[in-house]
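The values are calculated or read from the model by the stated rules, or taken from the named source; none is laboratory data. No experiment lies behind these values; they were computed from the predicted model shown. Glycine gets a Cβ as well: all are built from the backbone with ideal geometry, and neighbour counts include every protein chain shown. All accessible areas refer to the heavy atoms of the entire protein, side chains included, with ligands and DNA or RNA removed. Shrake-Rupley method; radii C 1.70, N 1.55, O 1.52, S 1.80 Å.
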Amino acid sequence: MLSLDTRAVHAGEPEPRIEGAVSLPIFQTATYTHTDEEEVRYIRYNDSPNHEALHQKLSSLAATDAALVTGSGMAAISSALLALLDSGDHLVAPRALYGGTLDLFGDLLPRYDISHSFLGGNPSTWSDALTDDTQVLYAESITNPLLEVPDLEAMAAFADDNDLVAVIDSTFASPVNLRPADLGFDVVLHSGTKYLAGHSDLAAGVVAGPADVLDRIGHTLKLLGGMLDPHACFLLHRSLKTLGVRVRQQNQTAQTVAEALDAHGAVGRVRYPGLAQHPDHERAQTLLDGFGGMVSFNLGDAVDRTAFFDALSLPIRAPSLGGVETLVSQPVNTSHVNMAPAEREALGITDRFVRLSVGLEGADDLVADLTSALDTAR
Ligand code: PLP
């Protein structure tokens, strides 16, 4: 098989190239004239040449039969779950999930009589969470913001043993660091807004999996209307061609930044799967091709939090992740703002907990900037 980098550039490109264009042009049209009544094309059906090329490129990167793009990561998650679950059904998932997904489970799905239970850390207890109506196991490959790497092989096997559809949000790993379909996950989701788009300039989502399952999800997506606009398709398509080089560089810079933070006296615990002391380091080494671009850490007690953020000049204070600019945020104000404070504290997500999405700046410049901000603030 061709390498991921080669597939990122060439998979799904139209042959022959349309009008000879090396870069696929944008088909910014809502509808298409047709002579055959069976062949109706319409923008909400996600079926322009831009969509079709992207679907093939993404399924090649995800190592699945098929893929489809959506208007955001949440559109991918909600369309997939609403397609896979009927009223009365139940799903199981570890508790460490993106906040929007937790809100979907807690606020929206119950209105359609779809319930959920959380899985504990020990696989031997997972069966306790099952009911006669459990249909889906849902997980994330690297969790936000604690950057845990769950026992994904055990989860896929558990789903298989219990006839559950195994669904995974692999946004944090990206297809460069992990292809969950190879581990046995049936449906792979991404927020394309993050590493896949990579420039913090668009919203998109991806659903990848077997063709028959994707047909069901595609039908629900059509009804919910969460398609991706052709212009955003064009930008996402362009970004995917550089996915490998971007993510590998981000992996490398994040490792350097994590080690430098770990060595700094004003920093408490650093969480990065590439550090030997990370509780899931060994599993991450086995499962992942790279440890990712996300680093979380605690400011030590001696650091004045406001002074630290004010002193940073390269990282930009903003939510989201995966772009070329390094972003810094505090999950207590962003992804986990809706979690009960006691629950947040128990997880270690305090107001001294900081999440970094490492971008493409020089590693030495980032380390110098972070170090100098820490020194100024203590
Ligand atoms: N999944 C994860 C892990 C995320 O971090 C996010 C957003 O931060 C989403 C899904 C939702 O993606 P979007 O904002 O593209 O809807």
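Observations on the model:
- Set 371, 306, 350, 334: member being within 16 Å of the ligand (Cβ to nearest atom), of a type in the set (Val, Ile, Thr) and open to solvent by 20 Å² or more (accessible area, probe 1.4 Å): 334
- Qualifying residue in the stretch 198-207 (condition: outside the structural domain of residue 142 (by TED's automatic domain parsing), crowded, with 17+ Cβ neighbours inside 10 Å and within 16 Å of the ligand (Cβ to nearest atom)): no
- The number of residues in the stretch 48-67 that are within 16 Å of the ligand (Cβ to nearest atom) and under 20 Å from residue 32 (Cα atoms) comes to 1.
- Filtered residues of the stretch 251-280 (kept if open to solvent by 30 Å² or more (accessible area, probe 1.4 Å) and without any contact (Cβ under 8 Å) to a residue 60 or more places away in the chain): 255, 259, 262, 263, 265, 276, 277
- Screening residue 89 against (1) without any contact (Cβ under 8 Å) to a residue 40 or more places away in the chain; (2) among the charged types (D, E, K, R); (3) touching a strand residue (DSSP E or B) at 6+ places or on another chain (Cβ under 7 Å) leaves a single unmet condition, (1).
- The number of residues in the stretch 144-158 being within 14 Å of the chain's Cα centre (by Cα) and away from the ligand (no atom under 16 Å from the Cβ) comes to 0.
- Screening the stretch 353-368 for residues that are outside any helix (DSSP H, G or I) and either surrounded by fewer than 20 Cβ atoms within 10 Å (Cβ to Cβ) or among the acidic types (Asp, Glu) (or both) and picking the one that is farthest from the chain's Cα centre (by Cα) gives 362.
- Candidate set from the stretch 166-192 (those that are part of a loop (DSSP other than H, G, I, E, B) and more than 10 Å from the chain's Cα centre (by Cα)); member that is farthest from the ligand (Cβ to nearest atom): 184
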